[in-house]
Every structure is written in C-alpha cells, then in structure tokens.
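Just so it is clear, none of the values below were taken in a lab; they were calculated from the coordinates. Model, not experiment: these values are computed from the prediction. All Cβ positions, even for glycine, are placed from backbone atoms using ideal geometry, and neighbour counts span all protein chains on display.
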DNA sequence: TATATATATGAACATATACTCATATATAAC
DNA sequence: GTTATATATGAGTATATGTTCATATATATA
C-alpha cells in the first residue's frame, strides 16, 4: 500500500489527539449539561452550579477544562464571570448527538 | 421556571447517558482509528490489529465496546470475523470532527 | 479424534478522570 | 486598610479506563 493510499485512511497523531480531546470533552454528563446550558445564553459559575445542582468547585474545574479546549469563553462583570459557548461547530455536534439519542 | 421551560434546557438522564456513552466511544484514539478504518470497508480482527499495530486482544476488547453500542457489526466467514461500521450517523459525527480538527 | 487458526474473555495493572475539601485569589464596597 | 462575594486552584481520593498476558472458545481441516 502506498504512502498516499495509507494517509487517506490513517489519521496523523495531531488530528487524532485533537479529535479525541474534543470528544472527551463531550463524553462526560456534567460537561454535557454545562455545555447544553451555555449554548443559548451566558451564565455565571454559581448560576450553573445552582441550576445543575453541582459543587461550585466541580463546575469551575470543568469550565477550565472546556476553556482550555476553547469550547467556552467568559466575560467579567465585577467579581462575576459569565461563561458562554465559544465553538458553534462542536455545539452543533453535541446537538446532533442529542437529537440522535432522542430518536 | 416552569417544568416546560426547564425541560427545554435540561436533558433527561436517559438521553444524557446515551449521548455521553456515544461520545466516550469516540474519545479514545484507538477506537477512532478502528472506526476510521471500518467506515469504508470491512476488516477482520487480525487485519485491524496488524494495520494499526495493535495487540489482537486490545482490538477485540475495543470491538466489543463498539459492538455493545451498535457502532459496529460483524459477519462470520469460517473462523474469521469481518467487522464494519453500523451507525452512519455517528460515523458522520466522527468525520465532521476530523474535518474540524484539520481546519 | 487431533491440530491449527481466529477471536473472545477475564484478571491484573497502570494511568486517567471527576469529584470534594480546604484554601487562595480577585474584585468591590465600606 | 477590612470585609464580603465570586471564582480558581491544589491535594487527596475513589472510580473508570485501556492495555497486556494467559487462556478459553469456535470453526475448519486432516
């Protein structure tokens, strides 16, 4: 099999890493709930924690995870940070999967 | 907030579980490589193991994982099992993410 | 029946993950 | 400065995950 033919099928390490990290972000129920909450409107950390009945620290840890992957962004207003989604394409993947799961 | 309004935003447990499991399947580099290999044509277990330089047992374990989620199927020919993808929609999600990762 | 080949399975292990707790940091108001 | 509020962070911990190794199972052939 030629190198050209192989590369059609085999994914390079960089792509493999990015794709797996992206799906890893979407593979945890807590992160799914957070992303689903942030897809349409921004929310503060405490707001997310209260509405989803989660520990503030747990939410903050997960938001850092999502921010590192640039899936969410935030703006500051005083001591409050308002988070919102920052990757329409990945949010779209999430919604496709949700629709698929609901049949 | 009304129940109707809430359910617009909050996902039910069943959906949450299915979605997270689906993305979990796509979140491991080995499974991504296997699914990417199976998307276009069927392959035997040994064929997958050799082409992707993986342990036969590791491939078999991952195929069981993917089969439980009905992402792959197989047909038998003698002692050989030929696996292929069995969920076009999820394969489509994978390819969207790959394209997204490659920019 | 015995042997060979292909695949599946279970245990063991190392690593990754998600959470909680305690505490640190940052901003605002006093 | 002090105090209050909102969020971030690091350590510790329990569980989940992916792999390897050894072995079991299934099918085909002699």
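How crowded by other chains is A:27-39, given as the mean number of beta carbons from other chains within 10 Å of each beta carbon? The partial results should precede the final answer.
Values: counts 10, 4, 7, 2, 2, 7, 5, 0, 0, 6, 3, 0, 1.
Taking all residues of A:27-39 together, the mean is 4.
Can you bin the stretch B:3-102 into rounded, prolate or oblate? Criterion: square roots of the alpha carbon gyration tensor eigenvalues sorted a ≥ b ≥ c, rounded for a/c under 1.5, prolate for a/b above b/c, oblate for the rest.
On the way: a/c = 2.56, a/b = 2.00, b/c = 1.28.
Prolate is the answer for the stretch B:3-102, as a/c is 1.5 or above and a/b outweighs b/c.
Can you list the distances in nanometres, one decimal and ascending, from the residue B:95 label point to the identical position in each other copy, with the point 7 Å along Cα to Cβ?
2.2
Using a/c under 1.5 as the rounded threshold, could you call the stretch A:31-78 rounded, prolate or oblate? The axes a ≥ b ≥ c are square roots of the C-alpha gyration tensor eigenvalues, and prolate needs a/b larger than b/c, oblate otherwise.
Working: a/c = 1.23, a/b = 1.12, b/c = 1.09.
The shape class here is rounded.
When a footprinting reagent is the concern and you count Cβ atoms within 10 Å, what order do A:43, B:100, A:103 take, fewest first?
Details: A:43 21, B:100 17, A:103 6.
Arranged by neighbour count, lowest to highest, A:43, B:100, A:103 become A:103, B:100, A:43.
Between helix B:13-25 and chain B, what is the angle of the helix's C-alpha long axis to the longest principal axis, kept within 0 to 90° and rounded to the nearest 10?
With both axes taken from Cα atoms, the answer is about 30 degrees.
Helix A:56-68 sits at what angle to the longest principal axis of chain A, using alpha carbons and giving 0 to 90 degrees rounded to 10?
Around 40 degrees separate the two axes.
Between 0 and 90 degrees, rounded to the nearest ten: what's the tilt of helix B:29-38 against the longest Cα principal axis of chain B?
70
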